[in-house]
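For reference, the structure is listed below as structure tokens.
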Amino acid sequence: MRVVSLVPSLTEAVAVTAPGLLVGVTDWCTHPAGLTATRIGGTKNPGTAAVAALRPDLVLANEEENREADLAALRAAGLNVLVTEIRTLDQAFTELERVLTACGLPVPRWLDESREAWAALPPTAAPRPAIVPVWRRPWMVLGRDTFAGDLLARLGVRNVYAGHHDRYPRVPLAELNTAGAELVVLPDEPYRFTAGDGPEAFPGLRAVLVDGRHLTWYGPSLAEAAGALRAALR
């Protein structure tokens, strides 16, 4: 089988399980190291002609990361496109299994280990209210129905903007600082927040820097994400 992945998380999931299947990946597919598949552009602007030229049996996509216009163009070229929707951890496990099955693969050990790691988390105390920026200039935060928000909720963090009507609302900095949060959780992707770029904007809040891959990727990294995120937040 020949597979093209337009989603970094799914690229890692397939590559770790069966490296030889991938013939095309995006420029943002950074894991695992040493990928040799053809690069076909970004997640938002894949080269549809380049994808078609690879003659894949299956194209892996995601309803949030990829644009419908690009997916429609791939279907119009006669390609089989599998589109995932992942907004919770449970949905991630279900969709990962669906993707791997579509690739003709059995459930891998890393998926079982990921389920076990998250199921083994101890009960949390009273949830701590937090804001979770994902971009600045302008400031954008996690809103409703996000995978990262669900992970944080399982770790005892209550996203202040979880009830917002937008999934990634733009919120003025002054409002963020008066939203009633105790924590500001700062991942290093998609915006690369660091100790010197981000915490200074929230002088009244405890800043927690986390690995963006642990917070936003669904794939083999989930096995270590539960412990790593818990340690960072603790």
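The values are calculated or read from the model by the stated rules, or taken from the named source; none is laboratory data. This one's a predicted model, so the numbers in the text were calculated from it and none came from an experiment. Ideal geometry is used to build each Cβ from the backbone, glycine not excepted, and the neighbour counts take in all protein chains shown. Note: areas computed on protein heavy atoms with side chains; ligands, DNA, RNA excluded. Shrake-Rupley method; radii C 1.70, N 1.55, O 1.52, S 1.80 Å.
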In Å², rounded to a whole number, the accessible area per residue of region 1-62 with probe 1.4 Å is 39 Å²
Percent of C-alpha pairs per 5 Å bin, region 79-139, short to long: 4, 12, 16, 17, 15, 14, 12, 8, 3, 0
Rounded, prolate or oblate (a/c below 1.5 giving rounded, otherwise prolate when a/b exceeds b/c) for region 27-70 by Cα gyration tensor: oblate
What is the magnitude of the charge dipole of region 98-171 about its Cα centre, with +1 placed on the Cβ of each Lys and Arg, -1 on the Cβ of each Asp and Glu, and no other charges, expressed in debye to the nearest 20? 340 debye
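Mean Kyte-Doolittle of at least -0.5 and a Cα length of 24 Å or more along the axis: which whole DSSP H helices of the chain meet both?
none
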Taking Cα centroids, how far is region 63-80 from region 84-100 in Å? 19 Å
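Taking square-rooted eigenvalues a ≥ b ≥ c of the alpha carbon gyration tensor, is region 127-193 rounded, prolate or oblate, where a/c under 1.5 means rounded and, failing that, a/b exceeding b/c means prolate? Could you put the intermediate results ahead of the total?
Numbers: a/c = 1.35, a/b = 1.20, b/c = 1.12.
Cα axes put region 127-193 in the rounded bin.
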Is the shape of region 1-65 best called rounded, prolate or oblate, per the rule: a/c under 1.5 gives rounded, else a/b larger than b/c gives prolate, else oblate, with a ≥ b ≥ c the square roots of the Cα gyration tensor eigenvalues? rounded
Selected from A117, H31, V184, residue furthest toward positive end of dipole (the chain; charges at beta carbon): V184
If packing is taken as the mean number of other Cβ atoms within 10 Å per residue, what is the order of 35-45, 131-141, 52-62, highest first? 52-62, 131-141, 35-45
At 1.002 mPa s and 20 °C, plugging the Kirkwood radius over alpha-carbon pairs of region 176-234 into Stokes-Einstein gives what diffusion coefficient in µm²/s? 176 µm²/s
Could you size up the charge dipole of the chain around its Cα centre, putting +1 on the beta carbon of Lys and Arg and -1 on that of Asp and Glu, and report it in debye to the nearest 20? 200 debye
Roughly how many debye, to the nearest 20, is the charge dipole of region 172-224 about its Cα centre, given +1 on each Lys and Arg Cβ, -1 on each Asp and Glu Cβ, and no other charges? 40 debye
Quick one, can you get me the convex hull of the C-alpha atoms of the chain expressed as volume per residue in Å³? 121 Å³
Cα centroids of region 198-219 and region 4-57: how far apart, whole angstrom? 28 Å
Evaluate the distance, in nm, between pseudo-label points positioned 7 Å from the Cα of H165 and of T38 along their respective Cα→Cβ axes. 4.5 nm
Charge-dipole axis of region 1-153 as Lys and Arg at +1 and Asp and Glu at -1 on Cβ define it, positive-most pick from L60, T48, V132: T48
Which value at 222 nm does the chain reach when only helices count, each DSSP H run of 4 or more adding -39,500 (n - 2.57), with the total divided by all residues and rounded to the nearest 500 deg cm²/dmol? -9500 deg cm²/dmol
